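Below you'll find the structure, written out as structure tokens, and then a few comments.
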Amino acid sequence: MQVAAKNPFVEGGDRRPDLIVLNPKATYTEALETYYALKKEPQSQDIPILLLVDEAEMKHADLPSGIEDILYRPLRFPESIIRVQMAFKKAHRIDQKNLIQSGKITIDVARYEVRVGDRKIDLTYTEFELLKFLCSNPGTAFTREVLLNKVWGYEYYGGTRTVDVHIRRLRSKIEGKSVTFIETVRNIGYKLICED
């Protein structure tokens, strides 16, 4: 088996995989050759690697410590999905307690990051806190006064117009022409629309 001199996962662009599953078509030994070649490349050294093999091949095999997990053929999809998710979370240190998910919106509280689908959104501190509060209470309508108290704090003496300005800015960043996340509730305030 020929191992490419360059890492095939990073050629042709700056995108790289979050996780690699080695699926050797030949032998376990050849899969290890590919594994060691990937680990030599700086671009792929920190990418978690899983190995997909026949269970019989692994009875007497020595597994390198850098392989995150093993998937066995024939694939049992529910188990495989869980193993892949666990390996990804471990490698990228994702703590579910720090994530708020509401439909397509994902908020990483620890990193102060917001994503809508795959798109990262840059928000100010107040916009972030406002979205975090709404996403933590989807479907609940809040008055402007409540939002002022919860997001800006009781010491804030500005008017409720501040809420409208921040909601407008937030909408312009996270919504599109056909996508609405924050709904205006007439004579009350705002709520985050619950998505199925």
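Among the conditions (1) touching a helix residue (DSSP H, G or I) at 6+ places or on another chain (Cβ under 7 Å); (2) of a type outside the set (S, T, N, Q); (3) modelled with pLDDT of 85 or more, the only one that Tyr156 does not satisfy is (3).
Conditions tested, residue by residue: (1) touching a Cys at 6+ places or on another chain (Cβ under 9 Å); (2) modelled with pLDDT of 80 or more.
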{"position": "Glu55", "(1), (2)": "no, no"}
{"position": "Met58", "(1), (2)": "no, no"}
{"position": "Ala61", "(1), (2)": "no, no"}
{"position": "Glu68", "(1), (2)": "no, no"}
{"position": "Leu71", "(1), (2)": "no, no"}
{"position": "Ile81", "(1), (2)": "no, yes"}
{"position": "Met86", "(1), (2)": "no, no"}
{"position": "Ile94", "(1), (2)": "no, no"}
{"position": "Gln101", "(1), (2)": "yes, yes"}
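The values are calculated or read from the model by the stated rules, or taken from the named source; none is laboratory data. On a predicted model such as this, the values are computed, not experimentally measured, just so you know. So basically every Cβ, Gly included, is an ideal-geometry build from the backbone, and we count neighbours across all protein chains shown.
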